[in-house]
Amino acid sequence: MLTIYATVAEAFDPQEIELLTELAADLAYGILALRTRDRSIRTEAALRESEERYRQLVEMLPDTILIHQQNQIEYINPAGVQLLGLKSPNFSPTLRIPDGGAGAFKGRQLSEIVHPLTIPIFPGHPWAHHQTPPSSQKSPTFQEQTLQRIDGTEINIEIASIPFNYHFSRSGDALGSSPIESRQGAANAAGASEGAWLTIARDITLRRVAQRDLEEHRASLEELVQLRTQEKTKLIESLQTEIQRSQSAEAALMRVTQAVESTSDAICMTDLEGTATYQNPAFRELFGLEIEELNQNGGLEALFADPTAGRRILDTVIGRETSWSGEIQMRGLRRPDGGKLLQPLTCWLRADPVKDQSGVTVGACFLHADITQLKQAQATLRESEERLRTLIDALPDIVCFKDSSGRWEIANQAMLEVFGLVGIDYRCHTDLELADLLEPQKRAMYAKAFQKSEKTDARAWKRHAPSHGEEVIPNAEGKARTFDVIKIPLFYPDNTSKGLVVIGHDITDRAAAEEAMRRMASIVETSEDAIIGKSSDGTIRTWNAGAQRIYGYTASEVIGRSISILALPQRAREVPQLLERIRQGSSIHHYETVHQRQDGRKIHVSLTMSPIKDGRGRISGASTIARDITDLQRIEAALERL
């Protein structure tokens, strides 16, 4: 704002004031223009400095930077000149490199410096593979290509191109590269490119050569390692053979002794006379005898519960030079007080002749595995299995155990009877295989049942969880029976299939009863009469639509309340009296009384009441059928008046 002051009032006339006002406006505009120009000069200087640093950085890069638009070069850095071989002595004589360096290529055609066969790898050229810039591409994706220079030489390169917008001054000098929308401030001082491409490339020829050399050296090295490994293996085998030849029988016996010292099996070695020459700690622990005591008490033969059996085994092994193995009874551990030996042990005995280096038998080796507890466990298991089998056979439900392939392993008597398999060896057969074992008549009858069983088995395996459903199986007379079947898949810790348990309960009668109950419920629900179920103390348990229509109460309003809500106050004693007669087992037929609706209106009803009994025959409640006879009473009263 420009302000002019005068020492006296009305010192200026209107024309002078108008002239001064215009002068003030011109001065203000000039000052503002000078300030704006100064700010613009500082901004342009900073921008030129930034662009110069950016240009120096790009020109120092070892990678090729090429900006081109519509087959015309806008910029190429020195690394690009070198990559394209423009400094090669074999360069085309039609294109001379000016003294201006890489910058002198601005404005030239791309086809002047790139071999025609290489042109398609540069986008934007009419021969290029990609003409339309991909709008979604945010960063360059490098691809390996072969670049053929003008002089015909080929090099391997990695190249990537992306759409590129850049600004240039009115004089044609590049200002820098950035998205156009972020450089709106320079819009009035510079122009902007459209359809330009930024191409980045690097020479990977040496890297490819190094990779090929590395692969060749690796192959040679692997071949050499394999050759050395084979030589080493042969050397080791030769040494092992030499060691085996140089070993004596005594050394071999010592190695065996060291190997068996820590085993849990009892091992004893004898000479040809049956005299013990070695025993391991497990043998001493099992039989309680040192080697001297063993020989003093008759040798190994004396440890057999049946000494004659021991002599036969010794003759077989030493005399006939034949191995022997089998289950045998041995004498157990001696008591610490020197008393008699404990009860016999059950052992698995393996006896083999011992030969020296020349193959001559010099003794025998006896290996005793104590299986006493194992035999006891097996006996216990058999007893448990027998009890389980007895229990399963006694069950009225069908029970079957199958393996992971669906083959039957165990089936109770009920299962065999249901499928007609009594007297047939069902084990290790699938459902469909069992169907083929039946007589033609039975096969046709049970075919569908077996087929559905296999399908439901597969469903249980697939779900990895128990499967529950109903299956229809015909009986011996051909009548369909419905079974509620549960199939439980079993798995090993590694989640592989182990087996399948099938349990089925015959629900044919229950299903028929449920169907009868559903029909009865339908009849009750659609009846015009009120049908009310209540406990023995008069608490309402069921309430049909007829009751709602007659009394006006909905089921949710009365269930759980006393039936006395329907009685008139002056007839309050009537309800307990009727319930008492029901509890005594009596039925009440066509008992006429007066009840009260929800809206307070009195109605005449005819009641029929019967006791409800549970499964044991005990009275647990009462059933009431109420019929509205109010209109009938009115008609009868009208007839009497006539």
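The values are calculated or read from the model by the stated rules, or taken from the named source; none is laboratory data. The shown structure was predicted, so the numbers you read here are calculated from the model rather than taken from an experiment. Note: ideal-geometry Cβ built from the backbone for every residue, glycine included; neighbour counts use all protein chains shown. Side chains included, ligands, DNA and RNA excluded: accessible areas come from the protein's heavy atoms. Shrake-Rupley method; radii C 1.70, N 1.55, O 1.52, S 1.80 Å.
So which residues in the range 598-635 are open to solvent by 80 Å² or more (accessible area, probe 1.4 Å) and of a type in the set (D, E, K, R), if there are any at all? Even if it seems obvious, please write down each step before you answer.
As a first pass, look at the range 598-635 and keep what is open to solvent by 80 Å² or more (accessible area, probe 1.4 Å): 598-599, 601-602, 613, 615-616, 618, 627, 631-632, 634-635.
Those that are open to solvent by 80 Å² or more (accessible area, probe 1.4 Å) and of a type in the set (D, E, K, R): 599, 601, 602, 613, 616, 618, 627, 631, 634.
Which of the following residues is hydrophobic (A, V, I, L, M, F, W, C) and in contact with an Asp or Glu (Cβ under 8 Å, 6 or more places away or on another chain): 473, 540, 532, 550? Let's see the steps before the verdict.
Details: 473 fails: in contact with an Asp or Glu (Cβ under 8 Å, 6 or more places away or on another chain); 540 fails: in contact with an Asp or Glu (Cβ under 8 Å, 6 or more places away or on another chain); 532 fails: in contact with an Asp or Glu (Cβ under 8 Å, 6 or more places away or on another chain).
Only one candidate qualifies: 550.
Within the range 606-642, can you find the residues that are among the hydrophobic types (A, V, I, L, M, F, W, C), out of contact with any Phe, Trp or Tyr (no Cβ under 9 Å at 6 or more places or on another chain) and in contact (Cβ under 8 Å) with a residue 40 or more places away in the chain? Working first, answer last.
Looking only at the range 606-642, we keep the residues that are among the hydrophobic types (A, V, I, L, M, F, W, C), and these are 607, 609, 612, 619, 622, 625-626, 629, 632, 635, 637-639, 642.
If we keep only those that are out of contact with any Phe, Trp or Tyr (no Cβ under 9 Å at 6 or more places or on another chain) as well, we get 612, 619, 622, 625, 629, 632, 635, 637-639, 642.
Hits for the range 606-642 are 612, 619, 622, 625.
I'd like to verify a number: residues in the range 58-72 that are assigned to a strand (DSSP E or B), more than 23 Å from residue 156 (Cβ to Cβ) and in contact with a helix residue (DSSP H, G or I) (Cβ under 8 Å, 6 or more places away or on another chain), how many?
The qualifying residues number 1.
Yes or no, residue by residue, for (1) at pLDDT 75 or above; (2) under 60 Å from the mean Cα position of the chain (by Cα); (3) assigned to a loop (DSSP other than H, G, I, E, B):
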{"position": "19", "(1), (2), (3)": "yes, no, no"}
{"position": "25", "(1), (2), (3)": "yes, no, no"}
{"position": "31", "(1), (2), (3)": "yes, no, no"}
{"position": "46", "(1), (2), (3)": "yes, no, no"}
{"position": "54", "(1), (2), (3)": "yes, yes, no"}
{"position": "87", "(1), (2), (3)": "no, no, yes"}
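Sort through 573, 618, 601 and tell me the only one that's within 16 Å of residue 535 (Cβ to Cβ), out of contact with any strand residue (DSSP E or B) (no Cβ under 8 Å at 6 or more places or on another chain) and of a type outside the set (A, V, I, L, M, F, W, C). Let's see the steps before the verdict.
On the way: 573 fails: within 16 Å of residue 535 (Cβ to Cβ); 601 fails: within 16 Å of residue 535 (Cβ to Cβ).
Every option except 618 fails the conditions.
Being among the polar types (S, T, N, Q) and touching a Ser or Thr at 6+ places or on another chain (Cβ under 7 Å) narrows it down to one residue among 372, 390, 380; which is it?
Values: 390 fails: touching a Ser or Thr at 6+ places or on another chain (Cβ under 7 Å); 380 fails: touching a Ser or Thr at 6+ places or on another chain (Cβ under 7 Å).
After applying the criteria, what remains is 372.
Being open to solvent by 30 Å² or more (accessible area, probe 1.4 Å) and in contact (Cβ under 8 Å) with a residue 40 or more places away in the chain is the filter here; which residues of the range 455-508 pass it?
Those that are open to solvent by 30 Å² or more (accessible area, probe 1.4 Å) and in contact (Cβ under 8 Å) with a residue 40 or more places away in the chain: 475, 476, 481, 496, 497, 498, 503, 505, 506.
Mind listing whichever residues of the range 576-592 are farther than 15 Å from residue 529 by Cα and of a type in the set (Ser, Thr, Tyr)? Walk me through how you get there before you give the answer.
So the first thing to find is which residues in the range 576-592 are farther than 15 Å from residue 529 by Cα, and the list is 576-588.
Residues satisfying the conditions are 586, 587.
Would you mind finding the one in 96, 39 that is of a type outside the set (S, T, N, Q), modelled with pLDDT of 75 or more and either exposed (fewer than 15 other Cβ atoms within 10 Å of the Cβ) or in a helix (DSSP H, G or I) (or both)? Even if it seems obvious, please write down each step before you answer.
Working: 96 fails: modelled with pLDDT of 75 or more.
Among 96, 39, only 39 is of a type outside the set (S, T, N, Q), modelled with pLDDT of 75 or more and either exposed (fewer than 15 other Cβ atoms within 10 Å of the Cβ) or in a helix (DSSP H, G or I) (or both).
Each row is one residue, and each column tells you yes or no for (1) in a strand (DSSP E or B); (2) modelled with pLDDT under 85; (3) open to solvent by 40 Å² or more (accessible area, probe 1.4 Å).
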position: 298; (1), (2), (3): no, yes, yes
position: 308; (1), (2), (3): no, no, yes
position: 314; (1), (2), (3): no, no, no
position: 322; (1), (2), (3): no, no, yes
position: 328; (1), (2), (3): yes, no, no
position: 332; (1), (2), (3): no, yes, no
position: 339; (1), (2), (3): no, yes, no
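Mind checking which strands (runs of 3 or more DSSP E) fall wholly inside the range 507-608 and carry at least 1 residues that are among the basic types (Lys, Arg) and at pLDDT 90 or above?
Working: elements: 530-535, 540-543, 588-596.
Because the criterion is at least 1 residues that are among the basic types (Lys, Arg) and at pLDDT 90 or above, the strands (runs of 3 or more DSSP E) in the range 507-608 that meet it are 530-535, 540-543.
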